[in-house]
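This report concerns only the one structure given below.
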Amino acid sequence: MSYPQQLTPEKQLVDVKRRLSVPRIVVICGSTRFMTEMAEADLRETTAGRIVVKPGCDMKSPHELWSDPVEAEALKARLDDLHRAKIRLADEVLVVGDYIGDSTRAEIAYARSLGRPVRFTHPEVAPDA
């Protein structure tokens with residue numbers, strides 16, 4: 001499939017998802033302290049007919065993959081990059097939890113810079129648009 005030069009990669013992705021009849025994609029963001037709430041949000045979004053992507057690792061819980069502090073730091077950077085890619089892929093963002101830390105705040109700002117709508121399970125914690 002060839003695209004005219006004026007069509008940005010983002011618009012190409014939107015076009016391809018439309019052509020393939022891909023359902024809306026929602027990325028879940030929030031502190032990993034809310035992994036249980038994220039699973040519930042995943043269930044609700046999925047049953048509403050949306051594709052859900054969310055954090056796959058809770059680095060606050062012990063695991064051999066991030067037991068070495070040096071490796072954990074490198075892994076966190078890779079996971080942050082991966083989550084930004086999920087935001088680029090998604091049609092919208094759902095922020096879960098009643099607390100927004102620096103990482104989630106940065107994800108919200110990134111999503112908004114891309115023009116992605118952002119919803120909140122707890123709208124009272126939403127940072128200014």
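The values are calculated or read from the model by the stated rules, or taken from the named source; none is laboratory data. Just so it is clear, the structure is predicted and the values come from calculations on it, not from any experiment. A quick note on method: Cβ atoms are made from the backbone with ideal geometry, for glycine too, and the neighbour counts reach across all protein chains shown. Just the protein is used for accessible areas: all its heavy atoms, side chains included, with ligands, DNA and RNA removed. Shrake-Rupley method; radii C 1.70, N 1.55, O 1.52, S 1.80 Å.
Hey, could you check segment 11-30 for residues that are part of a helix (DSSP H, G or I) and of a type outside the set (A, V, I, L, M) and say which is farthest from Asp80 (Cα to Cα)? Break it down into steps so the answer makes sense when it comes.
To start, the set of residues in segment 11-30 that are part of a helix (DSSP H, G or I) comprises 11-19.
Still in the running and of a type outside the set (A, V, I, L, M): 11-12, 15, 17-19.
On the way: Lys11: 24, Gln12: 24, Asp15: 26, Lys17: 24, Arg18: 27, Arg19: 30 Å.
Selected residue: Arg19.
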- Considering segment 96-113, residues that are open to solvent by 20 Å² or more (accessible area, probe 1.4 Å) and among the hydroxyl-bearing types (Ser, Thr, Tyr), and then whichever is farthest from Glu40 (Cα to Cα), we arrive at Ser113
- Message: Please determine whether any residue of segment 5-17 is among the acidic types (Asp, Glu) and either surrounded by 14 or more Cβ atoms within 10 Å (Cβ to Cβ) or at pLDDT 95 or above (or both).
- Response: no
- Taking segment 31-51 and keeping residues of a type in the set (Val, Ile, Thr) and closer than 11 Å to Gly97 by Cβ leaves Thr32, Thr36
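Residue by residue, here is whether (1) at pLDDT 95 or above; (2) of a type in the set (Asp, Glu) holds:
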residue: Asp42; (1), (2): yes, yes
residue: Glu45; (1), (2): yes, yes
residue: Ala48; (1), (2): yes, no
residue: Ile51; (1), (2): yes, no
residue: Pro62; (1), (2): no, no
residue: Asp81; (1), (2): yes, yes
residue: Asp91; (1), (2): yes, yes
residue: Leu94; (1), (2): yes, no
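Residue-wise test of (1) under 30 Å from Val16 (Cα atoms); (2) open to solvent by 60 Å² or more (accessible area, probe 1.4 Å); (3) of a type outside the set (Gly, Ala, Ser).
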residue: Ile28; (1), (2), (3): yes, no, yes
residue: Arg33; (1), (2), (3): no, yes, yes
residue: Arg44; (1), (2), (3): yes, yes, yes
residue: Val70; (1), (2), (3): no, yes, yes
residue: Asp80; (1), (2), (3): yes, no, yes
residue: Lys86; (1), (2), (3): yes, no, yes
residue: Leu94; (1), (2), (3): yes, no, yes
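Residue under question is Val70, and the condition is that it be touching a strand residue (DSSP E or B) at 6+ places or on another chain (Cβ under 7 Å) and hydrophobic (A, V, I, L, M, F, W, C); does it hold? Break it down stepwise before answering.
Values: touching a strand residue (DSSP E or B) at 6+ places or on another chain (Cβ under 7 Å): no; hydrophobic (A, V, I, L, M, F, W, C): yes.
Spelling it out, it is not the case that Val70 is touching a strand residue (DSSP E or B) at 6+ places or on another chain (Cβ under 7 Å) and hydrophobic (A, V, I, L, M, F, W, C).
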- Task: Output the residues belonging to segment 44-99 that are aliphatic (A, V, I, L, M), in contact with a Gly (Cβ under 8 Å, 6 or more places away or on another chain) and either in a loop (DSSP other than H, G, I, E, B) or over 16 Å from Ser31 (Cα atoms) (or both).
- Result: Val96
